[in-house]
Amino acid sequence: MADQAVFERYELKYKMTRRQRRAVLESMLPYMKLDHYGHTTIRNIYFDTDNYILVRHSIEKPIYKEKLRIRSYKQVSAQDKVFIELKKKYNDVVYKRRESLSQLETLEWIVQDTPFPKATQIGNEIDYFFEHYKTLKPKVFLSYEREAFYALDGSDFRVTFDENILARQEELSLSREVWGEHLMDENYILMEIKTSGGIPLWMSHILTQEKLYKTSFSKYGTAYEKLICGKKQETTVHSYIA
């Protein structure tokens, strides 16, 4: 199964209890199936400038915002695939474009500060992003446990459930164990609805029944506020991905 490289969709977030998740999952059973990744531990490394301009702009809730991260769906070794993702949001629509490299290629690219190894349109966009922001470096490691579901009707409607959301500024590595500071109460789950169209009627019913309402929750924004804001001096971090 080929990995999708370009996404254009709405992403709606809902904070819920474990009981509410069980109710939503029960309603989903006739309509959705666990995707091919199954239950995964997603690891991310977020890049930002020396003065954190990307995340500071994001938490101001502007019409347009953008970020860059490297992501894996497991603890990786040198030859495992990772994704370099540009994510932009404009007028509530999320645009995500990504390329994949091996862990080793990614590390060499970042350490050597060379052009992106793949001569593609998305690779050119990643190069421009680095050129534009100039001082981009790995800043935060962020991980969470995810279950992702896709629609059986062939539409692009997807639902994900994230828990155990952790962040740290040490060991910025996709090959290390997950640990860090909790970004959300451990008794709660973050559900995301991802779709280019509307929400199916059955999902609208369960959201109403469980009194679930859209919320604004940025994982990286919350990590910035918890780990970085208020510090008199940023702790030296180990910026490696090996």
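What follows draws every value from the coordinates through simple rules; no lab data is involved. Being a predicted model, the structure only gives us computed values, none of them experimental. Neighbour counts are summed over all protein chains in view; Cβ atoms, including those assigned to glycine, are modelled from backbone coordinates with ideal geometry.
Order by neighbour count: H57, H39, fewest other Cβ atoms within 10 Å first, most last.
H39, H57
For region 62-186, just say rounded, prolate or oblate: build the C-alpha gyration tensor, square-root its eigenvalues into a ≥ b ≥ c, call rounded for a/c under 1.5, and beyond that prolate if a/b exceeds b/c, oblate if not.
It is rounded, given that a/c, with a ≥ b ≥ c, falls under 1.5.
Provide the net charge surrounding K134, with neighbours chosen by a C-beta distance below 14 Å and charges set as Lys +1, Arg +1, Asp -1, Glu -1.
Spelling it out: positives minus negatives among the neighbours equals -4.
If we count other beta carbons within 10 Å of each Cβ, what is the order of V76, V94, fewest first?
Taking fewest neighbouring Cβ atoms as first place, the list is V94, V76.
If you fit an axis through the alpha-carbon atoms of helix 121-133 and take the longest principal axis of the Cα set of the chain, what angle between them do you get, 0 to 90°, nearest 10?
The two axes meet at around 60 degrees.
Just to confirm a number: summing +1 for Lys and Arg and -1 for Asp and Glu over residues other than V76 whose beta-carbon lies under 11 angstrom from that of V76, what do you get?
After counting each charged neighbour, the total is +4.
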